[in-house]
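Peer 1: Once you've had a glance at the structure underneath, I'll fire off some questions.
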Amino acid sequence: MTEAEQGFLLQHSFYSDPQRMIYRYPRYGELYDAWQASNRNVERGRRAFGAQGFRDLQVLSQVAWFDEEFLDGDAEVRALVEKGRNFSEDDQTLMGRKQLEILALVLPTYRRLAAARQIEISTTPFYHPFCR
């Protein structure tokens with residue numbers, strides 16, 4: 001990772017709720033504590049993390065947002081959670097693949113629920129006049 005990519009990762013990987021999402025995963029909590037100890041200074045944080053810390057952060061900051069259905073019901077996602085730390089490049093690839101698999105379920109699920117009249121889908125344009 002470039003220094004800029006590391007800085008971006010540090011600045012945007014801890015938007016999760018600490019008590020419910022970050023500390024649920026001990027290694028993610030350690031990384032969060034290290035980021036806080038650096039006073040959220042990118043340069044100090046970069047030195048504190050190292051290559052493995054960044055790899056763990058990349059995986060865990062994504063795992064934290066997975067729905068319980070996938071955390072409990074998907075063996076590959078569960079294996080990542082159980083591993084907990086020292087993630088490899090293969091683990092990162094798996095994370096990306098699982099995200100794409102889950103995203104691919106969204107539209108068909110909405111379509112099925114809308115056809116069954118169980119949900120109503122509404123959209124708002126990006127430049128809605130009330131949002132200005």
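Peer 1: Just the number please: accessible area per residue for the range 21-132, 1.4 Å probe, all protein chains included, in Å².
Peer 2: I get 68 Å² per residue for the range 21-132.
Peer 1: Figure the gain on full extension for E89 and D17 (residue separation times 0.36 nm, minus the Cα-Cα span) and round it to one decimal in nm.
Peer 2: 23.3 nm
Peer 1: Continuing with this model, one more query. What FRET efficiency comes out for L71 versus E5 if R0 is 30 angstrom and r is the Cβ-Cβ distance? Round to the nearest 0.05.
Peer 2: With R0 = 30 Å, the Cβ-Cβ based efficiency is 0.65.
Peer 1: Between the range 69-132 and the range 1-67, what is the separation of their alpha carbon centroids in Å?
Peer 2: Each part's Cα centre sits 21 Å from the other's.
Peer 1: When the accessible area of the chain is computed with all protein chains present and a 1.4 Å probe, what percentage of it is carbon and sulfur?
Peer 2: 52 percent
Peer 1: Give me the distance in nm between label points sitting 7 Å out from Cα along the Cα-to-Cβ direction at T124 and V106, one decimal.
Peer 2: Each label point is offset 7 Å from its Cα along the Cβ direction, giving 1.7 nm.
Peer 1: Could I ask something else about it? Please check: in the Gaussian network model of the chain (C-alpha springs, under 10 Å), which one of V63, V81, V106 has the largest mean-square fluctuation.
Peer 2: Answer for the Gaussian network model of the chain: V106.
The values are calculated or read from the model by the stated rules, or taken from the named source; none is laboratory data. Source: prediction; values computed, not measured. Cβ sites come from the backbone with ideal geometry, for glycine too, and all protein chains shown count toward neighbours. These accessible areas exclude ligands, DNA and RNA; they are computed on the full protein's heavy atoms, side chains included. Shrake-Rupley method; radii C 1.70, N 1.55, O 1.52, S 1.80 Å.
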